[in-house]
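Read-outs: derived from the displayed coordinates by stated rules, not from any lab. Values in this document were obtained by computation on a predicted structure and should not be read as measured data. Every residue, glycine as well, gets a Cβ built from its backbone with ideal geometry; the counts of neighbours run over all protein chains shown.
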Amino acid sequence: MPNLRSGLRRRAGSMRAHDALPPPLRAWLCAAALPWSPRSALKLWTRALAETGDPAEARARLDRAEARTLARDAGRIWGQDHPATPPAKENPRRGDRRG
């Protein structure tokens with residue numbers, strides 16, 4: 001089930017746009033934790049394939065992008081104590097943790 005409380009903006013996408021995606025990308029989207037738009041997923045996929053030429057590496061990049069988004073959203077959705085929330089960085093001017 002996708003995480004519908006994510007910080008990702010929702011865009012109206014047609015099923016036609018989804019169906020036009022390369023099969024490996026469509027398969028990745030079916031298992032994704034976030035509701036990716038076909039456009040943004042294709043943008044990342046195309047860039048990764050152009051740089052590496054390897055579909056497995058393109059999927060790994062999509063996994064990492066999704067993990068970063070989930071980690072960023074975890075604190076906002078489930079609280080700062082959630083295990084997926086990255087640790088807060090110290091603010092050198094204030095000497096305390098950013099919230």
Original post:
Mind checking which pairs have a first residue in the stretch 23-35 that is farther than 12 Å from residue 60 by Cα and a second that is of a type in the set (D, E, K, R) and part of a loop (DSSP other than H, G, I, E, B), Cβ under 9 Å, 6 or more apart or different chains?
Top reply: 35/10
Subject >> Among (1) free of Cβ contacts under 8 Å to residues at least 24 places away in the same chain; (2) in contact with a helix residue (DSSP H, G or I) (Cβ under 6 Å, 6 or more places away or on another chain), the one test that residue 50 misses >> reply: (2)
Original post:
Restricting to helices (runs of 4 or more DSSP H) lying wholly in the stretch 23-88: which have 2 or more residues that are surrounded by fewer than 14 Cβ atoms within 10 Å (Cβ to Cβ), of a type in the set (D, E, K, R) and out of contact with any Leu (no Cβ under 8 Å at 6 or more places or on another chain)?
Top reply: 38-52, 55-78
